[in-house]
1. Exactly one condition in (1) of a type in the set (S, T, N, Q); (2) modelled with pLDDT under 95; (3) assigned to a helix (DSSP H, G or I); (4) surrounded by 13 or more Cβ atoms within 10 Å (Cβ to Cβ) is not met by residue 99; state its number.
2. So, in the range 108-150, how many residues would count as being over 17 Å from the mean Cα position of the chain (by Cα), within 30 Å of residue 78 (Cβ to Cβ) and not in a helix (DSSP H, G or I)?
3. I'm trying to understand the selection: among the residues of the range 121-148, which are of a type in the set (S, T, N, Q) and either open to solvent by 80 Å² or more (accessible area, probe 1.4 Å) or modelled with pLDDT under 90 (or both)?
4. Using the structure shown, decide if residue 19 is under 15 Å from the mean Cα position of the chain (by Cα), open to solvent by less than 90 Å² (accessible area, probe 1.4 Å) and modelled with pLDDT of 90 or more.
5. Just the residues that are assigned to a helix (DSSP H, G or I), in contact (Cβ under 8 Å) with a residue 12 or more places away in the chain and open to solvent by 40 Å² or more (accessible area, probe 1.4 Å), please, taken from the range 55-75.
6. With respect to residue 101, determine if the residue is among the hydrophobic types (A, V, I, L, M, F, W, C) and closer than 25 Å to residue 27 by Cα.
7. Within the range 82-96, track down each residue that is loosely packed, with under 13 Cβ neighbours inside 10 Å and over 20 Å from residue 45 (Cβ atoms).
Amino acid sequence: MTSELSDDRREAVQALESSFSELMTVFRRFVSEAAERVSPGMLPATFKALSVVSRFGPLTLSALAERLAADKGFLSRSISELEDLGLVSRTPDPNDGRSRLISVTELGHERLADARAPHESRLYEAMADWSVVDIRHLSTLLHALAVGEVPSRD
């Protein structure tokens, strides 16, 4: 690889890193605002736990910790907070009597929907002038990056 190509690649990767940083800042702001709408004073990490259980649940605490790459002790406190607020419930796991399954309650689903509503259409609006082909291509590229694959050229 020539030095010029190497420099171009380095600059392109640095630009991508900068763009991800901007995107993460926007996402963190969204999560903080949404957490506050669910329950004043709620930590963003607790909101993320609620969101993940809503999307992938019911889950055990261990499965939730693995999915979030988070500390089980912290998550246990977060789930207790969510349970006290009536947003999740814990029931015995029929496959393992030592574990409990965490599920989002009807109130939890309602509060999540209300919390997300102000930002719900933001991505759709931001991409309103993008072609469907470009949106699908971006999705393919992001997935490939996330799983460490080379994207297909289709």
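1. Failed condition: (3).
2. Within the range 108-150, residues that are over 17 Å from the mean Cα position of the chain (by Cα), within 30 Å of residue 78 (Cβ to Cβ) and not in a helix (DSSP H, G or I) number 1.
3. Result: 121, single match.
4. Here the answer is no, as residue 19 does not meet what is asked.
5. Passing the criteria: 61, 62, 67, 68, 74.
6. Taking the combined requirement at face value, the residue does not satisfy it.
7. If the condition is that a residue be loosely packed, with under 13 Cβ neighbours inside 10 Å and over 20 Å from residue 45 (Cβ atoms), then 91, 92, 94, 95, 96 are the ones that fit.
Each row is one residue, and each column tells you yes or no for (1) open to solvent by less than 80 Å² (accessible area, probe 1.4 Å); (2) in a helix (DSSP H, G or I); (3) at positive phi.
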{"position": "10", "(1), (2), (3)": "no, yes, no"}
{"position": "14", "(1), (2), (3)": "no, yes, no"}
{"position": "24", "(1), (2), (3)": "no, yes, no"}
{"position": "29", "(1), (2), (3)": "no, yes, no"}
{"position": "32", "(1), (2), (3)": "yes, yes, no"}
{"position": "35", "(1), (2), (3)": "yes, yes, no"}
{"position": "41", "(1), (2), (3)": "yes, no, yes"}
{"position": "50", "(1), (2), (3)": "yes, yes, no"}
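The values are calculated or read from the model by the stated rules, or taken from the named source; none is laboratory data. Because the structure is a prediction, the values reported are computed rather than measured. All Cβ positions, even for glycine, are placed from backbone atoms using ideal geometry, and neighbour counts span all protein chains on display. To get the accessible areas, we keep the full protein, side chains included, count just its heavy atoms, and leave off ligands, DNA and RNA. Shrake-Rupley method; radii C 1.70, N 1.55, O 1.52, S 1.80 Å.
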